[in-house]
Amino acid sequence: SQQGEEDPQALSIQEGENATMNCSYKTSINNLQWYRQNSGRGLVHLILIRSNEREKHSGRLRVTLDTSKKSSSLLITASRAADTASYFCATEDGTDKLIFGTGTRLQVFP
Amino acid sequence: DAGVTQSPTHLIKTRGQQVTLRCSPKSGHDTVSWYQQALGQGPQFIFQYYEEEERQRGNFPDRFSGHQFPNYSSELNVNALLLGDSALYLCASSLAGGAEAFFGQGTRLTVV
């Protein structure tokens with residue numbers, strides 16, 4: 001079963017705008033990771049945030065984690081058409097097993 | 001570094017048949033996990049192999065089995081295929097105790 005939900009399920013924006021996706025999960029975690037998937041192919045690792053971290057940046061990506069609310073958000077700034085993809089959060093509980101959310105489909109229009 | 005490689009990329013099988021999918025992990029990685037992704041869903045954990053043993057398993061029937069070889073490569077076998085087994089099967093490799101998993105491009109299995 002899925003660990004949790006991602007919100008929104010789908011998001012359409014113009015190039016240059018920011019995109020924010022949210023992820024909620026159910027159990028205790030060791031870390032939370034975000035992945036991108038293009039056209040139903042393999043997953044690309046974007047960023048990992050550990051349970052004792054609250055915010056992390058990588059290029060145009062900003063991730064926050066609130067363990068008290070069991071939620072995370074991914075912000076993509078200054079989006080590009082090439083950012084069009086599905087984005088998944090995944091929690092890891094220390095056993096190297098990933099439990100994925102339901103995903104957000106992002107469409108960026110030129 | 002070739003990363004994680006999976007074969008074949010696409011496969012069509014008939015209901016009731018058996019299938020074997022293959023995965024070569026990223027160089028230096030010793031842990032291989034398999035995931036099933038149905039259309040429009042997030043990947044679901046099938047099982048994980050470490051040191052040639054199944055270390056943990058998700059909620060999948062015994063029709064799903066696997067193997068890890070001494071070179072860390074892995075196979076996923078599915079017996080008595082059902083239409084509902086049609087999905088993208090993803091292999092991920094990692095270093096045991098590490099956090100980041102690297103995924104292959106997947107095998108698209110269609111059961112007709």
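Throughout, read-outs are computed from the coordinates displayed, never taken from laboratory work. Since we're looking at a predicted model, the values are computed, not measured. Cβ placement follows ideal geometry from the backbone for every residue including glycine, while neighbour counts extend to all protein chains displayed.
Annotations
- Shown in residue order for the range B:88-94 are the 3J(HN,Hα) couplings computed by the Karplus curve 6.51 cos²θ - 1.76 cosθ + 1.60 at θ = phi - 60°: 8, 9, 10, 10, 10, 10, 7 Hz (x for Gly and Pro).
- Over chain B, relative contact order from alpha-carbon pairs under 8 Å, at least 6 apart, %: 37 percent
- Taking the fewest neighbouring Cβ atoms within 10 Å as the starting point, the ordered list for A:GLU92, B:GLU75, A:GLU55 is A:GLU55, B:GLU75, A:GLU92.
- Of the residues A:SER24, A:SER51, A:SER73, the one whose Cα sits farthest towards the positive end of the charge dipole of the range A:5-109 is A:SER51 (charges of +1 on Lys and Arg Cβ, -1 on Asp and Glu Cβ, taken about the Cα centre).
- Projected over all directions and averaged, the alpha-carbon convex hull of chain B occupies 6.6 nm².
- J(HN,Hα) series, the range A:26-39, from Karplus relation 6.51 cos²θ - 1.76 cosθ + 1.60, nearest Hz, glycine and proline x: 10, 10, 5, 10, 8, 7, 10, 10, 10, 10, 10, 9, 9, 6
- Proximal lysines relative to A:LYS69, as straight alpha-carbon distance under 19 Å, when same-chain residues fewer than 8 apart are discounted: A:LYS26, A:LYS56
- Amide H contacts of B:GLY106 (H built 1.01 Å from N, in plane; Pro and chain starts excluded): B:GLN6, B:CYS91 sit under 5 Å, all sequence-distant by 5 or more or on other chains.
- Charge dipole (debye, nearest 20) of the range A:5-109; +1 at Cβ of Lys and Arg, -1 at Cβ of Asp and Glu: 120 debye
- Seen from B:GLN17, the other residues with C-beta closer than 12 Å to its C-beta sum to a net charge of +2, counting Lys and Arg as +1 and Asp and Glu as -1.
- An ellipsoid equivalent to the range A:5-109, defined through the eigenvalues of its Cα gyration tensor, has semi-axes of 22, 14, 12 Å when rounded to whole angstrom and sorted largest first.
- Residue order, fewest to most beta carbons within 10 Å, for B:GLU51, A:GLU5: B:GLU51, A:GLU5
- Ranked by how many other Cβ atoms sit within 10 Å of their own Cβ, fewest first, the residues A:VAL63, B:VAL111 fall in the order B:VAL111, A:VAL63.
- Phi angles across the range A:47-53 convert, under the Karplus curve 6.51 cos²θ - 1.76 cosθ + 1.60 with θ = phi - 60°, into 3J(HN,Hα) values of 6, 10, 10, 7, 5, 9, 9 Hz, Gly and Pro given as x.
- Peptide A:40-49 has a mean of 5 when you count, residue by residue, the C-beta atoms of other protein chains within 10 Å of its C-beta.
- Exposed loop sites here are trypsin sites (Lys or Arg not before Pro) assigned a DSSP state other than H, G, I, E or B and surrounded by at most 13 other beta carbons within 10 Å; excluding them, the longest clear run of chain B is B:64-112.
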